[in-house]
1. Isolated Cys in the chain by the 4.7 Å beta carbon test?
2. Given the peptides 41-48, 165-172, arrange them by the average over their residues of other C-beta atoms within 10 Å, most packed first.
3. Evaluate the distance, in nm, between pseudo-label points positioned 7 Å from the Cα of Arg107 and of Val63 along their respective Cα→Cβ axes.
4. What accessible area per residue, rounded to a whole number of Å², is obtained for the chain using a probe radius of 1.4 Å?
5. Need one number: nm distance between label points at Asp150 and Ile87, each 7 Å from Cα along Cα→Cβ, rounded to one decimal.
6. Please work out the ratio of the alpha-carbon Rg of the chain to 2.2 N^0.38 Å and round it to two decimals.
7. Quickly estimate the mean residue ellipticity at 222 nm for the chain, helices only: each DSSP H run with n ≥ 4 gives -39500 (n - 2.57), and the total goes over all residues, rounded to 500.
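The values are calculated or read from the model by the stated rules, or taken from the named source; none is laboratory data. Model, not experiment: these values are computed from the prediction. Neighbour counts run over all protein chains shown; Cβ positions are idealised from the backbone, glycine included. We work out accessible area using only protein heavy atoms, side chains counted, and drop any ligands, DNA or RNA first. Shrake-Rupley method; radii C 1.70, N 1.55, O 1.52, S 1.80 Å.
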Amino acid sequence: MPLSRRPVPALVHLSVAFVLGSTVAVTLLADTDLVLLNDTLFHPVLLGVTAILLGGLGVRELVRPVGWARAVVVAVTVVGILCWLQIGFRWSVLVPTEMGFVDGPGRFSVRVQEQPRFFDSSVVLSVRSDEGLLSREWPLDCPGFEIEQDELHLIRWAGAGRVEVHLPDEAPIGVDLDPVSGRPVGVCR
C-alpha cells in the first residue's frame, strides 16, 4: 500500500502555526512599548486557537496513512483548543477596557483604561505618542483610582512635560514626562 503523506500542505500548515504561535508568545511575553504589537497583534485567543488547529492539521497530514495516529492527533488538537479557549475566557475577564483618550500637546495623548480586578476596578493611564506604525505607549504607573466615563476632564496636561489627575477633595497626582519622547521620567506622585 503506497503512503499517501502530503508533506507540502503539512509544511504550510506547520509553518503558519509556528508564525501564529510565535506571535502569541511575543505579544504575551515581550514587554514592548510599540502600539502595533500591543494593540494590533494582541489577540492571543484567536491566534492561539488558529495555531493549534493548523498545527494539528499539519501533523495529521504527516500521519495520514496511520489511522490510530490520525485519531490521536485529532483528539489532542481538540483538547488543546478547548484548553486554550478556557484559558482565554478566564484571561479575558481581566483585560482592561478602553474608556477614552485625553488629547495632549502635539502628537501625545493619554489613554484611559478601566482595569477590572476580582472585586472592583480601577483606572490605569498611559501616554501614547502617535507616530504611525512606530507609535509608542508607556504606562504611567499611577496608583489605582476611580473615575467614570464622563469624568475624563479630571485628567489634564500640565504643559508638555506633565500629566495630572485632579480628583475632587484630593491633591492632584501626576507624573513628569520627557517632552520630546513622552516617556515617563519620574514616578506618579
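1. Cys83
2. Values: 41-48: 16.4, 165-172: 11.6.
The packing order, highest mean first, is 41-48, 165-172.
3. Distance between the two pseudo-spin positions: 5.1 nm.
4. Values: 11440 Å² over 189 residues.
Value for the chain: 61 Å² per residue.
5. About 4.2 nm separates the two model spin labels.
6. Numbers: Rg = 22.9 Å, N = 189, 2.2 N^0.38 = 16.1 Å.
Scaled against compact globular proteins, the figure is 1.42.
7. On the way: 3 runs with 68 residues, N = 189.
-12500 deg cm²/dmol, from helical runs alone.
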